[in-house]
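Values quoted throughout were computed directly from the atomic coordinates according to the rules given, and no laboratory measurement underlies them. The shown structure was predicted, so the numbers you read here are calculated from the model rather than taken from an experiment. Note that each Cβ is placed from the backbone with ideal geometry, even for glycine, and that neighbours are counted across all protein chains shown.
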Amino acid sequence: MHLLSEGSWMKLGVPARLLELVEKKPALLVSIVALVGTTAAAAAPLSQAEHRASLVTAVERAVDQVAPTAEAAPLKLVWDGADVDGDGRADFANPTGREPRLHDAYGDGEFGARRDGGSRRHEGVDYTARAGQDVAAPISGYVTKIGYAYAGDQTLKFVEITNPALNYAARVFYVNPRVEVGETVAIGQPIATARSLQRKYPGGMTDHVHLEILDRRGDRIDATRMITAEYRPGNLTVAAAD
Ligand SMILES: [Zn+2]
């Protein structure tokens, strides 16, 4: 929520910590405003400068009261998969655990981005990767195809996983497969390692895997509809080393 730009809040003397807190837990704003109102009213009458200083102190105290541990819990980016069959478990996973590729020298990594001057569209979502890292199965199912991403290039392969119960299939491109056709895989299980794309696309391509998700009609859909990001307190878990 942005009632004012961050700059204008700062000019009012509102501490960055409050902005961060309100951003994450908007409901706390009501409690904070109530506490600040009580404290500031008790401090009147004051000059404008004194009033502002006392208001800032009141805000800081209110933040301490409402969220004493807010600073102690570093937030961690967590990827959430959609639960399409309603069993309470995610049915989709981020294959690299990293952000989708943004703009680079070769274009954009988002679904529907222009390719070849607009004559075709990007039919997947590119998830940034480190060459050699594990690539996780984006869905459970069985391996229905392993193939080459480009004719004439035997280094960049893809793995296709089909899940007949969910009626979805997923293809993960630019990998070294570690599974075979017919093998059953569980969501999140390592199925391959990521390849460097620097030889194929020199001078500014962000290494990534290209993920295509196919629905029951065989149409490719935007993977970011099924895999979303959220910040959660990360103090109880150790973030994956990279
Ligand atoms: Zn792509």
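Evaluated with a Cβ-only charge set (Lys, Arg +1; Asp, Glu -1), the range 111-242 carries a dipole of roughly 280 debye about its Cα centre, given to the nearest 20. Tabulate in residue order the Karplus-calculated ³J(HN,Hα) for the range 76-91, using 6.51 cos²θ - 1.76 cosθ + 1.60 with θ = phi - 60°, rounded to whole Hz; enter x for Gly and Pro. Karplus-based 3J(HN,Hα) across the range 76-91 equals 10, 6, 10, 9, 10, x, 5, 9, 7, 9, x, 8, x, 10, 5, 9 Hz.
Simple rule: put +1 on each Lys or Arg Cβ and -1 on each Asp or Glu Cβ in the range 114-155, find the dipole, and look at GLY152, GLY118, TYR142; the Cα lying farthest toward the positive end is GLY118. In this structure, the amide hydrogen of TYR168, modeled 1.01 Å from its nitrogen in the peptide plane, lies closer than 5 angstrom to those of ASN163, counting only residues at least 5 positions away or on a different chain.
Rg and Dmax of the range 115-242, both derived from C-alpha coordinates alone, stand at 15.3, 48 Å.
Expressed in nm to one decimal, what extension gain is obtained for the pair ASN176 and ASP87 from 0.36 nm per residue of sequence separation less their Cα-Cα distance?
28.9 nm
With neighbour counts taken as other beta-carbon atoms within 10 Å, the residues LEU156, LEU197 rank, fewest first, as LEU156, LEU197.
Amide H contacts under 5 Å for THR193: VAL135, ASN176, ARG178, restricted to partners 5 or more places along the chain or on a different chain, H placed in the peptide plane at 1.01 Å from N.
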